[in-house]
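The values are calculated or read from the model by the stated rules, or taken from the named source; none is laboratory data. Treat the numbers as computed from the prediction; the structure is a model and nothing was measured. Cβ sites come from the backbone with ideal geometry, for glycine too, and all protein chains shown count toward neighbours. Note: accessible area is taken over every heavy atom of the protein model, side chains too, but ligands, DNA and RNA are not part of it. Shrake-Rupley method; radii C 1.70, N 1.55, O 1.52, S 1.80 Å.
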Amino acid sequence: MHKMTLAQLARGLHDGEFSSLELTEHFLKRIEQYDEQLNSFITVTGETAREAAKAADARRAQGQAGLLTGLPLAHKDIFNTRGVKTSCGSRMLDNYIAPYDATVVEKMREAGFVMLGKTNMDEFAMGSSNETSFYGPVRNPWHLEYVPGGSSGGSAAAVAARLAPAATGTDTGGSIRQPAALCGVTGLKPTYGRVSRWGMIAFASSLDQGGVFGASAEDCALLLGSMAGFDERDSTSIDRTVEDYQSSLENTLEGLRIGLPKEYFAAGLDAGVAERVHAAIRHYETLGAEIRDISLPNSQLAAPVYYVVAPAECSSNLSRFDGVRFGHRCEDPKDLVDMYMRSRGEGFGDEVKRRIMVGTYALSAGYYDAYYLKAQQVRRLISNDFAAAFDEVDVIMGPTAPSPAFKIGEKSDDPIEMYLSDIYTIAVNLAGLPGMSIPVGEVDGLPVGLQLIGNYWSEARLLNIAHRYQQDTDWHLRMPDVFV
Amino acid sequence: MSLDIEQVEKIAWLARLQIEAEAKADYARNLSDILDFVEQLSRIDTTGVTPMAHPQDLPQRLRADEVTESDQRELFQQVAPAVENGLYLVPKVIE
């Protein structure tokens, strides 16, 4: 069953080939069997999953099942799940049992999904390798000595090893697309405002967006349809109709204008990755697409802008962790200040502390204009580059990450090196655009991802473009041998 | 941009973060590297460019001023480190 896509599993349930309980047990057994090697889950909710699966089977028996009823799913541990530990990968929230459900969790449960558990992640989603998690690094299913990418590394690895047929993630600077690329799965980061952020623990509020990992674009279409939509509890949620992402999957790509930004193929790109990405783009030509060379001239400024804006927003968001209302509190505080300082000092790991401090510095008196305001102005230039590009082309393509997965420990001592693993994904968040990563090959046994960037609200078109490639190729269906 | 240990201590204080003494030098080095990295922005001419705070150029949505939440104090205080009689307990602040 684990070799089937979510869409196939939905048909299997519908046709009575297996029950939701059998399906759920199957994946729980795989988690038990394999996750010791991967560390992709922080919490496995076996008991509630079985209950939910039985309830799904009962609904099906009564003829009340929907398209997604009874399908298992894992949630990134950044989404609040009522009654279940929601750690955000941090010691700070190791003792936090969420008292409410995130909108995404609520919507997907209502759509019929059965939650298998909560996946590992970089602490507070700050990282590109899943090494900053309080619960230890996640391992890449294709090579256990390598990172899965981050911050949604647990979700990507769980789907790649088929310990879950699908998983949610969040993407602030590439945290869905980069791990999707490094683990060889399909990942989608929607337009900012498409998916509710309510109950999704905030890192950088103007950049964070929830999204999904699946085995295919078709699976991502099913997943997005169930999680997207207006939510009045999120003030940045946009009131806009959710399209039927399934119905346009087969649309023709005849005349599709694909833009290749020269900056995404410049120095710093691994030669093997470049070769696989070009091969995928050539395939799109055979499907009737037209290739155009474009320029996103401010691309190299995206990472520096991001490492001002994201830390600034994080330093504000993470000020809520004060040891008073929830989260870690130090032992025997001698006064209030000591309680704040030690609770936060003990509760947060190094990368989180670094970012809080960079943000605090950038927002402090005398530095605001030079850092924060300047970064916001350059952010506008980056966004303008995309707007100009989308006058000329329908979709932008390039590598998702500059190299395949790197070794655990290889970059963990050098924050800047780590930051550069997101150079092609960050600009998309700064502009608020939708993006995807799909597997298009391997280099030395490690997956390579092609990034697709669309204009605002073009999720249906992106899924269509990804799906058509996957109809002709099988990179997305490959599984690491160890987990077959 | 190079931060010294004293500046690291000042930033840590502003952020209410305790940094272990032996880690301060590492923080000074890493934070200086990060500030050097973002320093390239200062070379860009942004005269007249409107800052972009957010991807959406939309006004903040407002809702009617109506009570929409029920009282869930007990539920929410279950996750608090220390409560008594519905109050959050913290170290004494007033002598």
- Message: Whether any residue in region A:132-146 is among the β-branched types (Val, Ile, Thr), part of a strand (DSSP E or B) and either closer than 30 Å to A:Ser19 by Cα or open to solvent by less than 10 Å² (accessible area, probe 1.4 Å) (or both) is what I want to check.
- Response: no
- Out of region B:27-38, which residues are in contact with a Leu (Cβ under 9 Å, 6 or more places away or on another chain) and either under 28 Å from A:Arg329 (Cβ atoms) or open to solvent by less than 30 Å² (accessible area, probe 1.4 Å) (or both)? B:Tyr27, B:Ala28, B:Leu31, B:Ser32, B:Leu35
- Out of curiosity, is B:Ala64 over 21 Å from A:Phe326 (Cα atoms), in a helix (DSSP H, G or I) and open to solvent by less than 90 Å² (accessible area, probe 1.4 Å)? no
- Any chance A:Leu222 is over 21 Å from A:Met126 (Cβ atoms) and not small (Gly, Ala, Ser): yes
- Message: Take the conditions open to solvent by 100 Å² or more (accessible area, probe 1.4 Å) and either in contact with a Leu (Cβ under 8 Å, 6 or more places away or on another chain) or at pLDDT 95 or above (or both) and apply them to B:Leu87. Does it pass?
- Response: yes
- Return the residue satisfying two criteria in turn: it lies in region A:78-97 and is outside any loop (DSSP other than H, G, I, E, B) and β-branched (Val, Ile, Thr), and of such residues it is surrounded by the most Cβ atoms within 10 Å (Cβ to Cβ). A:Thr81
- Note on the structure: Residue count, region A:364-377, condition open to solvent by 40 Å² or more (accessible area, probe 1.4 Å) and closer than 14 Å to B:Gln40 by Cβ, comes to 1
- Task: Any chance you could count how many residues in region B:39-50 are open to solvent by less than 40 Å² (accessible area, probe 1.4 Å) and part of a helix (DSSP H, G or I)?
- Result: 1
- Task: Could you grab me the full set of residues in region A:335-346 that are open to solvent by 30 Å² or more (accessible area, probe 1.4 Å), of a type outside the set (A, V, I, L, M) and either closer than 24 Å to A:Val358 by Cβ or more than 7 Å from chain B (Cβ to nearest Cβ) (or both)?
- Result: A:Tyr340, A:Arg342, A:Glu346
- Note on the structure: Here the qualifying pairs (Cβ atoms under 8 Å; residues six or more apart or on different chains; first in region B:80-95 and within 11 Å of another protein chain (Cβ to nearest Cβ); second of a type in the set (Gly, Ala, Ser) and surrounded by 10 or more Cβ atoms within 10 Å (Cβ to Cβ)) come out as B:Pro81/A:Gly323; B:Pro81/A:Gly327; B:Tyr88/B:Ala80; B:Tyr88/B:Ala82; B:Leu89/B:Ala82; B:Val90/B:Ala82
- Message: Against the condition part of a strand (DSSP E or B) and open to solvent by 20 Å² or more (accessible area, probe 1.4 Å), how does A:Thr43 come out, does it pass?
- Response: yes
- Task: Might you let me know whether region A:296-317 holds any residue that is more than 8 Å from chain B (Cβ to nearest Cβ), aliphatic (A, V, I, L, M) and closer than 19 Å to A:Ala401 by Cα?
- Result: yes
- Message: Name the single residue that is most open to solvent (accessible area, probe 1.4 Å) among those in region B:2-26 being in a helix (DSSP H, G or I) and at the interface with chain A (Cβ under 7 Å from one of its Cβ atoms).
- Response: B:Leu14
- So which of A:Glu313, A:Glu331, A:Glu290 ends up being charged (D, E, K, R) and buried (at least 21 other Cβ atoms within 10 Å of the Cβ)? A:Glu313
